[in-house]
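A quick write-up on the structure given underneath.
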Amino acid sequence: MKYTEDDLKKELETKEYEYGFYTDIESDTFPVGLNEDVVRAISKKKEEPEWMTEWRLESYRYWLKMVEPEWANVHYEKPDFQAISYYSAPNSKPKYDSLDEVDPELLDTFKRLGISLDEQKKLAGVAVDIVMDSVSVATTFKKTLAEKGIIFCSISEAIKNHPELVKKYLGTVVPQRDNFYAALNSAVFSDGSFCYIPKGVRCPMELSTYFRINQAGTGQFERTLVIADEDSYVSYLEGCTAPSRDENQLHAAVVELIALDGAEIKYSTVQNWYPGDKEGKGGVYNFVTKRGICEKNAKISWTQVETGSAVTWKYPSCILKGDNSIGEFYSIAVTNDYQQADTGTKMIHIGKNTKSTIISKGISAGRSQNSYRGLVKIHPNADNARNFSQCDSLLMGNSCGAHTFPYIESKNKSAQIEHEATTSKIGEDQIFYCNQRGIDTEKAIALIVNGFGKEVLNKLPMEFAVEAQKLLEISLEGSVG
Amino acid sequence: MSFKDKLLSSYIALEDYLEFDSPLHDVRNNAIKIFEEKGFPTKKDEEWKYTSLNSLLKTDYSVYSNKERNVELQDVRKYFLNEIDTYKLVFIDGVYSSFLSETTHDTLDVCLMSAALNKKKYKPVIEAYFNKAAKSDSLTALNTAFTKEGAYIHIPAHKEVEKPIEILNFSTGNEAAMFLQPRNLIVVGENAHVQIIERHQSLSTNEVLTNSVTEIFAEKRAYVDYYKIQNDVESASLIDNTYISQQRDTVCRVHTFSFGGKLVRNNLNYFQNGENCDSTLKGITILKGKQHVDHNTLVHHISPNCESHQDYKGLFADSSVGVFNGKIIVEKDAQKIDAYQQNDNILIDDNATINAKPQLEIFADDVKCSHGCTIGQFDEEALFYLRSRGIGMKEARGLMMYAFANTVLESVKIPELKVRINKLIANKIGVSLGFEL
């Protein structure tokens, strides 16, 4: 059958947000509002030990004294923190040993997302720790991992089963009072992932969690803690989609990475939460604090593809504390319609011979605003520190904006820092070239954008790279005027 | 009494001398209100993140000079560009010195702000231009409220000024600590050309804080070439606010040479109000000791088909601090913009600091904008190359510093000034470069 322009038009109209559906699973949801009792109740619900409850309460008290940050280049209606329910968990509570026992409706959700657990298990070799509305439902490949001594579980399980590790590292990279949203998260986090790689172990598979925000009006407060012990290696994947909703949903996650001497952590994210409709109504607020610390000879690499969320406020950072440590940041941020993104990284060079690379690609279309905000800081002792930053922006249409706010601070004479940024649009000659060869404009743009983001897409693990490319195309559909 | 309070009460005293019916009176009153509300900027202001005025504001400055002192020509001769003939506007402790100046009213006006403010003849120009380009940030507002003296330059249409104009501000150290607020207005008519050199110089080691505001208006096809020489003694601080409003087909170039002073803050703002504007901002900064220089530039692209070029080089020795905060804004309708910004820095000593923040805010899609920023050190191999040819370490470094700064120097259009700046650089680097500059 011939594929006509009308077909394409129809497809575009319906394809607006592929993953906008809602799974109806009875949820165990707390009443709205936040106070010390709610914090205590969350802790109790999770059967947490006393020290954890105290830790949460301490964070809550810090949070009360803090004010919402306003410096970011985003404008939005501030969430009412007393109108959010701080806990929601799928009702089918008991843990499953195999996928067959999982609520079929839930499995169907994953199928519609194109992520079949079975397939992933077999083909991709990915252990998936599914987080659906804050509670870990299924954990696979646990056995294989356990053999190597790798701990990969939900953070609540870790609090119960490995309190010594959690106690030692939780809040060391992102302290409770780090910022407004980190404090909030520390007080009310419902679940998240915990990962520990023992000394000298190379994790045999990509660890992956699938986040979803599902219940209406529930904020999602994930807490992730990844510890890579000496000379170990882990690659961690995080991917997200969320159903279409009219009211704004708040997401304030905290991710902490700890790379001990000689360890390497690769952390990849594909974020595709509901960005709101064409008029900028609804959509997820994504206020995330992600930070990693590198000890001697360690390496942390952040890769992110940000296509979703109405408002994004996210700066995955590296503290290069140990000598010879390496930090990397690769990012593609796509904004369309009324989306706003203020994202970037911080590279704090403290140790000698530390290196960092920043590659940031921003694509803005529609009426969106896309900002890169980054900091490169060289401490006086960071001899021979090296940084390379590149921030490129691509603009589509004249109603959107691209902004760059790099901060570069050097206090060491042997440091070498380079920063470059460009802003441009897709060349008419480039599109003409593609058209001439029978590639329609829509496809041509997808092609060019994928080329523009290639340096970052290349850094993604194979399974993600394909998904990410598709996401880029979907996010920019209909943006060409 | 804090310095802010002192200024506010001085303003009340100043008001008695002013004509109440002057339209400027409202402008002044509004300005002092802005200052009263905002106060001096602190590190909490994003624009002042890396520069603190606290240490400067502790000093009890005199707002007016009580005694007048004449300065002998031989004492200040070396600060003039005396190799060539120039128009000169000389101010001593904020007061005009007719003895040292060379003004004109012959076809063009090179005269005084005080005269322009009071004489009827200038009223239309003052009303059309005064305080029209300046932003209402607190320091500019403070200057506006106290506007009294400064340079007034009006070049009529189609006039090519035959020789450069020098604006020199001397402070004599008559007072233990002096606060100066010169206010300059420069209007360059259609198709007119002008070259201006501005310099602030302290003749003693008494503390001086200057809060200067210069407004430059370039009418259609005008050409403005402006040079700022900042080589003051280490007890003098300068906050220089420059606002340039460009109409279509204009070229405005500002070169800033920052070698001296205790704390120097340059707020250089360009507004491109017409098509085909060309804005050039260049600077060389060479610092030693505890000096602190902050370049804060803004190029606001409002109209399409314009260009801007920025090139700032910095060399920082001892425990000096350099700041570069460059902002380019491209408005939605300003298509086909070519905006370029480059900032290169070398840290020479361990305690030196550089903070750079090159910013782009772009709302138009058909633009070419780029910025580059580097921080590094001398190329060891190049040093080795020079030294293997019998050039001493100090001279080799000197040569490299000179070469590093040279790209900015090349675009200085007044040959005598170029020689002068070469000498200043050689002096600052502390080596004789061994060739005729």
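Mind listing whichever residues of the range A:290-300 are outside any loop (DSSP other than H, G, I, E, B) and either surrounded by fewer than 24 Cβ atoms within 10 Å (Cβ to Cβ) or of a type in the set (Lys, Arg) (or both)? Steps first, answer last, please.
Taking the range A:290-300 as the starting set, the residues that turn out to be outside any loop (DSSP other than H, G, I, E, B) are A:290-294, A:299-300.
Selection gives A:Lys290, A:Arg291, A:Lys299.
Residues are listed down the side, and each one gets a yes or a no for (1) assigned to a helix (DSSP H, G or I); (2) in contact (Cβ under 8 Å) with a residue 40 or more places away in the chain:
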site	(1), (2)
A:Lys143	yes, no
A:Ala146	yes, no
A:Ser156	yes, yes
A:Ile159	yes, yes
A:Val166	yes, yes
A:Gln176	no, yes
A:Ala183	yes, yes
A:Ala187	yes, yes
A:Phe194	no, yes
#### Entry: Verdict on B:Lys148 being charged (D, E, K, R) and at pLDDT 90 or above
no
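Applying the selection to the range A:58-79, what residues are closer than 22 Å to A:Gly171 by Cβ and either exposed (fewer than 15 other Cβ atoms within 10 Å of the Cβ) or not aliphatic (A, V, I, L, M) (or both)?
Scanning the range A:58-79 gives A:Glu58, A:Ser59, A:Tyr60, A:Arg61, A:Tyr62, A:Trp63, A:Leu64, A:Lys65, A:Val67, A:Glu68, A:Pro69.
Out of all the residues in the range B:401-419, which are among the charged types (D, E, K, R), part of a helix (DSSP H, G or I) and within 16 Å of B:Gly283 (Cβ to Cβ)?
The initial filter retains those residues of the range B:401-419 that are among the charged types (D, E, K, R), namely B:410, B:413, B:416, B:418.
Then drop every residue that is not part of a helix (DSSP H, G or I), which leaves B:416, B:418.
Answer for the range B:401-419, where residues must be among the charged types (D, E, K, R), part of a helix (DSSP H, G or I) and within 16 Å of B:Gly283 (Cβ to Cβ): just B:Lys418.
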### Members of the range B:336-360 found to be assigned to a loop (DSSP other than H, G, I, E, B) and more than 7 Å from chain A (Cβ to nearest Cβ), listed by number
B:Lys336, B:Asn351
### Query
In the list A:Thr312, A:Thr354, A:Thr343, A:Thr335, which residue meets the criterion of being touching a helix residue (DSSP H, G or I) at 6+ places or on another chain (Cβ under 9 Å) and among the hydroxyl-bearing types (Ser, Thr, Tyr)?
A:Thr335
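Collect the residues in the range B:83-116 that are more than 30 Å from B:Ala176 (Cα to Cα) and touching a helix residue (DSSP H, G or I) at 6+ places or on another chain (Cβ under 9 Å), keeping them in residue-number order. Steps first, please.
Taking the range B:83-116 and keeping what is more than 30 Å from B:Ala176 (Cα to Cα), we get B:83-87, B:103-110, B:116.
Across the range B:83-116, the qualifying residues are B:Glu83, B:Ile84, B:Asp109, B:Ala116.
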### Task
Give the number of residues within the range A:352-372 that are buried (at least 23 other Cβ atoms within 10 Å of the Cβ) and either among the basic types (Lys, Arg) or more than 30 Å from A:Pro275 (Cα to Cα) (or both).
3
### Task
Filter the range B:244-270 for residues that are under 13 Å from B:Val299 (Cα atoms) and either assigned by TED's automatic domain parsing to the domain that holds B:Ala426 or in contact with an Asp or Glu (Cβ under 6 Å, 6 or more places away or on another chain) (or both) and give the result.
B:Arg253
### Query
Got at least one residue in the range B:274-297 being among the β-branched types (Val, Ile, Thr), facing chain A (nearest Cβ under 10 Å), surrounded by fewer than 24 Cβ atoms within 10 Å (Cβ to Cβ) and touching a residue at least 40 places away in the same chain (Cβ under 8 Å)?
no
### Query
Mind checking which pairs have a first residue in the range B:409-427 that is assigned by TED's automatic domain parsing to the domain that holds B:Gly398 and a second that is of a type in the set (Lys, Arg) and not in a loop (DSSP other than H, G, I, E, B), Cβ under 6 Å, 6 or more apart or different chains?
B:Val412/B:Lys418
### Task
Restrict the check to the range B:361-383 and report whether at least one residue is surrounded by 14 or more Cβ atoms within 10 Å (Cβ to Cβ), in a helix (DSSP H, G or I) and in contact (Cβ under 8 Å) with a residue 60 or more places away in the chain.
no
## Note on the structure
When (1) modelled with pLDDT under 95; (2) buried (at least 24 other Cβ atoms within 10 Å of the Cβ) are applied to A:Gly327, the one that fails is (1)
### Task
Tell me, yes or no, whether the range A:378-389 has at least one residue that is under 23 Å from the mean Cα position of the chain (by Cα) and surrounded by 22 or more Cβ atoms within 10 Å (Cβ to Cβ).
yes
### Query
Do we have any residue at all in the range B:23-45 that's of a type in the set (Asp, Glu) and buried (at least 16 other Cβ atoms within 10 Å of the Cβ)?
yes
### Query
If you check B:Lys327, B:Lys332, B:Lys290, which single one turns out to be of a type in the set (Lys, Arg) and under 18 Å from A:Ala421 (Cβ atoms)?
B:Lys327
### Task
Any chance you could count how many residues in the range B:182-203 are surrounded by fewer than 21 Cβ atoms within 10 Å (Cβ to Cβ) and over 25 Å from B:Glu83 (Cα atoms)?
3
### Members of the range A:394-440 found to be touching a residue at least 24 places away in the same chain (Cβ under 8 Å), in contact with a Ser or Thr (Cβ under 7 Å, 6 or more places away or on another chain) and more than 7 Å from chain B (Cβ to nearest Cβ), listed by number
A:Leu394, A:Cys400
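The values are calculated or read from the model by the stated rules, or taken from the named source; none is laboratory data. None of these values were measured; they are calculated from a predicted model. Note: ideal-geometry Cβ built from the backbone for every residue, glycine included; neighbour counts use all protein chains shown.
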